[in-house]
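What follows draws every value from the coordinates through simple rules; no lab data is involved. Quick caveat: nothing in here was measured; it's all calculated off a predicted structure. Glycine gets a Cβ as well: all are built from the backbone with ideal geometry, and neighbour counts include every protein chain shown.
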């Protein structure tokens, strides 16, 4: 399916004939009077900000009348949202955009473009985050949103909504597989019992599964001969990673926290220095998959679930079943389906 920009007439049709205020998620409806709203009316960005609505009906009237190019709502709650004053708290959010996937994973289309394959890769990444949020952290109030060209994770558990921007950055480090666990007392209490190295192992595995020799040669010090040897031994390396086998552990003598875990099959080929360069490369690739600015900036606005992503011609929507969700089936507006008829 080709993603194509919606015309002004198609936007009008969407908001007047298909869109329903009932598609706005309950977590937004319950806090609508405390949220700032922003709008993009011509495709140049959300320049119309500092909007506030007392209830869903007022927002619905605006959307139907204006049929904006894009609609956004704040992740923060304010006493006076129309002035963005009286900050109360903010969701903990993560943004994975398929158009910005790292080169080692995005082999299907050009950087900045989106296709079905890279949307699948983004969804796979979201599913790994889901396991961490729900399994490792025991979070309950999590919402997964299709953003039009990727995914948003929006967490509203009370303890995380009070995190500062610094504390949010610590969580981001954890999710990208940072080998250095750090944080405030509040974050340490939340994360310390969990093994962060599993996160990094999963990220390394994801990268190596998709890697080619050319990808490995992007790492400083890894030439063609070494890269090809890694590829020849890829099956054994993957088996070690998946089974947590054949590795040496280095722990911090003071805290007992695992600092490095080197898998033997990979280390024997690369040596210690190149092994560490590879892990640093993976960390940077992982970090690029999560938009740090979105997570750390509590003044951020995100696309409004139920609104139209006019650039892609798809709906931004709350996802019911993440496992089975298919954006090119479930997020297609009627006017797009009619183009194909």
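Values for this structure:
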item	result
Between region 317-336 and region 24-53, the Cα center-to-center distance that results, in Å	22 Å
Computed label-point distance, nm, for sites residue 236 and residue 330 using a 7 Å Cα→Cβ extension	4.2 nm
Packing-based order for 63-74, 4-15, using average beta carbon neighbours within 10 Å, highest first	63-74, 4-15
Size of the chain as Cα extents on the principal axes (Å, biggest first)	65, 51, 31
Ascending count of other beta-carbon atoms within 10 Å, so fewest first, for 110, 89	110, 89
For region 26-155, fraction of C-alpha pairs farther apart than 17 Å, in %	66 percent
Full-extension gain in nm, residue 113 to residue 165, via 0.36 nm per residue minus C-alpha separation	15.7 nm
Which of 205, 241 has the fewest Cβ neighbours within 10 Å, and the rest in rising order	205, 241
Interatomic Cα distance distribution for region 47-113, bins of 10 angstrom, percent	15, 32, 27, 19, 6
Region 265-309 and region 73-94: distance between their alpha carbon centers, rounded to Å	26 Å
Tilt relative to the chain, helix 56-66 - C-alpha long axis, 0 to 90 degrees, to 10	80 degrees
